[in-house]
Amino acid sequence: MAVTGAQIIARTLRDLGVTVIFGIVGIPVVEIAEEAINLGIRFIAFRNEQACSYAASVYGFMTGQPGVCLVVGGPGVLHALAGARNATTNNFPLLILAGSAETTGVTKGSFQELDAISLLTPHTKFAVRPSSLDFIPGAIKNAFRTCWYGRPGSTFVDLPADIIQGKASPGFQLPEPENIYVASPPKSSGDPALILKAAQLLRSARAPLLILGKGAAYARAEQVIGQLVERTQIPFLPTPMGKGIIPDAHPLNVSSARSAALKNADVVLVLGARLNWILHFGEPPKWSPTAKIIQVDIAAEEIGRNAGNAELGIVGDINLVVEQLLVTLSNWRYSTTSQFPKLLAESAKKNEAKAQKAALMPTPRSPDAFLTYQRAYHIIKTTLNSLSPSSSSEEGNIVYVSEGANTMDISRSIFPLSQPRHRLDAGTYATMGVGMGYIIAAHEAYNTPVGTIANGKPKKIVALEGDSAFGFSAMEIETMARYRIPALIFVMNNSGIYHGDTKTEDAWKVLQEQTVANDTKSSGSSAASGNEKRGLRSTSLLYETRYEMLATMCGGKGYFVRSEEELERATREGFQNDVPTVVNVIIEPGVGKTIQFAWQGKDNKEGQAK
Ligand code: ADP
Ligand code: MG
C-alpha cells in the first residue's frame, strides 16, 4: 500500500529523533498526530495553540534540541505565531508544522485558508511548503536543522491538505533513517588574536565582571564557566534565565549587588547575553561610561549592536571560547586587593538586609491585613526547604516557572537556584501567558521517560504566577490534569495587573457599579488633575477571583489562602499532591513595583502605592 503524506511526515519526525510533539489537532493534521503516536512519539494535546507553541519553544531551550509543534492552518497558525516569535526572540530552537488549505484551493476562500508562509517569514529563520509528497522529508529535515544550527530560532513547514492526505507515487521510497538524521550543531572557537586581547583586558582590569546569560545556559557551558570563575575569582552576575549556571549560593555571585556591579565594572565579559533591555543596553547610566565590554556570542550580528562600550566581540561557541580563555589566562587570578569586591560586598549586605526585613515582617493578625509578596515568598521558600532538604531548590529538584510583573521580579531574587535551565520566565520578549505551556514542557523534559534530560529523579515544577499572567492560558490546567502533571502553581492574586486597583471589596464594587452603569465621568474641579477616578481602571480584574477552582474542576487540588498558616499548609500539601494544584494567594493590592500613571496626581495616595 502506498504511504500517505501523513505517514511520511511522522516517519521523518521519528527519524529526526523527535520524541514529543506539542499541538492541537483538527482536519487534516489529526492524521499526522495519529501516525506519530503509532510510531511511539508522544503527542501532548493542548487547549490553545499559543500555549503549545510556547511549550515547544522552551522545550528546545531546556533540552538543547528543537521543540516540535503541530497545529491546524489559518487560526491555528495565527495563534502559534505567538510561539514562533517568542522562540525567535528568545533564540530557542522550534519547528512548527501546520496544516493548510489544498494547494488547488488557494485564493478560493478554502477552509482555514491563510498565506502562512508570508505571515511566518518575518518571524522565523525559514518557512517552507513542500511542493509535493516527495519533498516532505527534505523540507522537514531542513527546517529542523535550520531552527537548531547557528543562532537558534523558529522555522515553519506549511503542509497543504492534499499533501498530508495524498498518496506517494508508486516509485516513492522513504529515505533511510541515516539520511534524515541531523547531527548536533557544529561549534566554532574564537579568533585566537581576540582571545589574547580579551585575556589582556581581563588581566588589566581593576573591576572585572562576568555576565552569564541564557545563551550560556542553552550552550550547557556550566562546567567551563565554573572553572573560569573558580580559577580567576572574577565576580559574576547571572541574567534572569542565566541563573543556576553557577549556583546562586556561590560567594562570587553578585546578584544582590547588581546595580553596583554594573555601575562600577571596568571590564565586563558577557557570555551568551544580549545587551538589550534586560542589561540596560550596556550603556550609561546603568553601566560605567568607560567600561570595556567583551561580548562572546554565537551570532556575529549581535556583536556591537548596542553598547557604545563594546570593546571586543568574539564570535564562537561559549564552551570553546571559555576553554580558550582558560588556557590563555593560565593561572592568572583577579587580585582581591582592589576596592571593587569590598564595594560589592557592602552593597550586597545592604540589599540583603532590606530583603530580609521584608521577608521576616509578619503579617498582622487582622481580618483586613494582607500577605505581601516578600512575606508570601519567604513562607513558600522555607516550607519547601523544610519539607525535605533534598527536595529544596538548592538541590536542584525544583524547576521554577514565573511570570507576571511584580510576581516575577520579586521572586527572582528570593528563590535560589543551583542548576541551570531550572528557571523559566517571561524571557527576552517579556511574554505574559507562557507559564502554563512552560510547566507542561518542563514536565515533559524532566519527568517523562522519553524526556531528553530525564534522569529518573522527578522534579517538582513550582510556578509563581501573577493573577493576570495566569489567566492568559489558565485552561491548560485541564491539559495538566489529563497528563497527570502534579505542578504546584501559586497564583499571586492582587486582583489585577501590576498592582491591581482597590484594597477592599466594597470599594471595588463601587467602581464596578460605576462602570456597569456607565457612570464614569469625573465631576468637580479635581477631575482635571485626575484625582477623582471613577469606575474600574484598566489594571483591574475581578476582586479575589477563585482561581483555585480551575484545579478542582478537573480533579486537581485547590487552596484559597489569606493567612500565613494557610499558605504554609497549602505549600506543604501542594508539594506532595500528585495532581495539579493551584494555591490562590491573596496578596495586598496596591503594593509592589512603583508605576506612576499620568492620571495619578502627585498627592494621590492610592496612585502612589505601587
Ligand atoms: P539573556 O536573556 O540571558 O540576557 P539573551 O537571550 O539575550 O540572554 O542572549 C543569549 C545570547 O546567547 C544570544 O545572543 C545567542 O546568540 C547566544 N548564544 C546562544 N547559544 C550560544 C552558544 N552556544 N555560544 C555562544 N553564544 C550563544
Ligand atoms: Mg496581579
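The values are calculated or read from the model by the stated rules, or taken from the named source; none is laboratory data. Treat the numbers as computed from the prediction; the structure is a model and nothing was measured. As a convention, Cβ positions derive from the backbone with ideal geometry for all residues, glycine included, and neighbour counts pool all protein chains shown.
Hey, does the range 228-245 have a residue that's under 21 Å from Met408 (Cα atoms), away from ligand 1 (no atom under 16 Å from the Cβ) and within 22 Å of the chain's Cα centre (by Cα)? No, the range 228-245 contains no residue that is under 21 Å from Met408 (Cα atoms), away from ligand 1 (no atom under 16 Å from the Cβ) and within 22 Å of the chain's Cα centre (by Cα). Taking every residue in the range 296-307 that is surrounded by 16 or more Cβ atoms within 10 Å (Cβ to Cβ) and pairing it with any residue that is among the hydroxyl-bearing types (Ser, Thr, Tyr), at least 6 positions away or on another chain, the pairs with Cβ-Cβ distances below 9 Å are Ile298/Ser188. Against the condition under 28 Å from Tyr429 (Cβ atoms) and not small (Gly, Ala, Ser), how does Leu39 come out, does it pass? So Leu39 does not fit the description; no.
Evaluation of Thr504 against the conditions (1) at pLDDT 95 or above; (2) surrounded by fewer than 23 Cβ atoms within 10 Å (Cβ to Cβ) shows that the sole unmet condition is (1). Considering the range 21-41, and only residues there that are β-branched (Val, Ile, Thr) and surrounded by 23 or more Cβ atoms within 10 Å (Cβ to Cβ), the residue that is nearest to Val68 (Cα to Cα) turns out to be Ile21.
When you go through Gly150, Gly99 one by one, which is the residue that is more than 25 Å from Ile41 (Cα to Cα), touching a residue at least 12 places away in the same chain (Cβ under 8 Å) and not aromatic (Phe, Trp, Tyr)?
Working: Gly99 fails: more than 25 Å from Ile41 (Cα to Cα).
Only one candidate qualifies: Gly150.
Residues that are crowded, with 19+ Cβ neighbours inside 10 Å and assigned to a helix (DSSP H, G or I) within the range 538-590 comprise Leu550, Ala551, Leu567, Ala570, Thr571, Gly574, Phe575, listed in sequence order. The set of residues from the range 401-446 being of a type in the set (Phe, Trp, Tyr) and either within 16 Å of ligand 2 (Cβ to nearest atom) or surrounded by fewer than 24 Cβ atoms within 10 Å (Cβ to Cβ) (or both) comprises Phe415, Tyr429, Tyr446. Go through the range 258-279 and count every residue that is within 7 Å of ligand 1 (Cβ to nearest atom) and part of a helix (DSSP H, G or I). Residues flagged as within 7 Å of ligand 1 (Cβ to nearest atom) and part of a helix (DSSP H, G or I) within the range 258-279 amount to 2. One residue stands out among those in the range 467-481 that are touching a strand residue (DSSP E or B) at 6+ places or on another chain (Cβ under 6 Å) and not aromatic (Phe, Trp, Tyr): the one that is nearest to ligand 1 (Cβ to nearest atom), which is Ala469.
Checking the stated criteria, Val399 turns out to be outside any helix (DSSP H, G or I) and under 29 Å from the mean Cα position of the chain (by Cα).
Which of the helices (runs of 4 or more DSSP H) found entirely inside the range 1-77 contain at least 1 residues meeting this: in contact with an Asp or Glu (Cβ under 9 Å, 6 or more places away or on another chain)?
Details: elements: 5-15, 30-38, 49-63.
Answer list for the range 1-77: 5-15, 49-63.
Checked against the criterion of being assigned to a helix (DSSP H, G or I), within 16 Å of ligand 1 (Cβ to nearest atom) and among the hydroxyl-bearing types (Ser, Thr, Tyr), the candidates Tyr446, Tyr429, Tyr438 yield just one match: Tyr438. Checking the conditions here, which among Thr363, Thr337, Thr328 is polar (S, T, N, Q), away from ligand 1 (no atom under 16 Å from the Cβ) and either on the phi > 0 side of the Ramachandran plot or touching a Phe, Trp or Tyr at 6+ places or on another chain (Cβ under 9 Å) (or both)? Criteria check complete, one pass: Thr363. When restricted to residues that are surrounded by 19 or more Cβ atoms within 10 Å (Cβ to Cβ) and within 21 Å of Ser335 (Cβ to Cβ), the range 230-245 contains 5. For the range 176-191, the set of residues classified as of a type outside the set (Asp, Glu) and outside any helix (DSSP H, G or I) consists of Tyr181, Val182, Ala183, Ser184, Pro185, Pro186, Lys187, Ser188, Ser189, Gly190, listed by residue number. When Ile234 is tested against (1) touching a Phe, Trp or Tyr at 6+ places or on another chain (Cβ under 9 Å); (2) in a helix (DSSP H, G or I); (3) not charged (D, E, K, R), only condition (2) is not met. The set of residues from the range 366-378 being surrounded by fewer than 19 Cβ atoms within 10 Å (Cβ to Cβ) and without any contact (Cβ under 8 Å) to a residue 60 or more places away in the chain comprises Ser366, Pro367, Ala369. Go through the range 407-446 and report how many residues are touching a strand residue (DSSP E or B) at 6+ places or on another chain (Cβ under 7 Å) and of a type in the set (S, T, N, Q). Residues flagged as touching a strand residue (DSSP E or B) at 6+ places or on another chain (Cβ under 7 Å) and of a type in the set (S, T, N, Q) within the range 407-446 amount to 2. Give the range 379-398 a look and list any residue that's modelled with pLDDT under 95 and crowded, with 22+ Cβ neighbours inside 10 Å, or say none. Matches in the range 379-398: Leu384, Ser393, Ile398.
Sub-8 Å Cβ pairs linking a first residue in the range 459-477 that is over 12 Å from Glu403 (Cα atoms) to a second residue that is within 12 Å of ligand 2 (Cβ to nearest atom) and hydroxyl-bearing (Ser, Thr, Tyr), at least 6 apart or interchain, are Ala474/Tyr547, ordered by first then second residue. Among residues of the range 482-512 being aromatic (Phe, Trp, Tyr) and either outside any loop (DSSP other than H, G, I, E, B) or within 16 Å of ligand 1 (Cβ to nearest atom) (or both), the one that is farthest from Leu536 (Cα to Cα) is Phe490. Filter the range 192-227 for residues that are surrounded by fewer than 17 Cβ atoms within 10 Å (Cβ to Cβ) and not in a helix (DSSP H, G or I); which is nearest to ligand 1 (Cβ to nearest atom)? Among residues in the range 192-227 that are surrounded by fewer than 17 Cβ atoms within 10 Å (Cβ to Cβ) and not in a helix (DSSP H, G or I), the one nearest to ligand 1 (Cβ to nearest atom) is Arg220.
Of the residues making up the range 116-128, none is over 30 Å from Gly213 (Cα atoms) and either in contact with a Pro (Cβ under 8 Å, 6 or more places away or on another chain) or of a type in the set (Lys, Arg) (or both).
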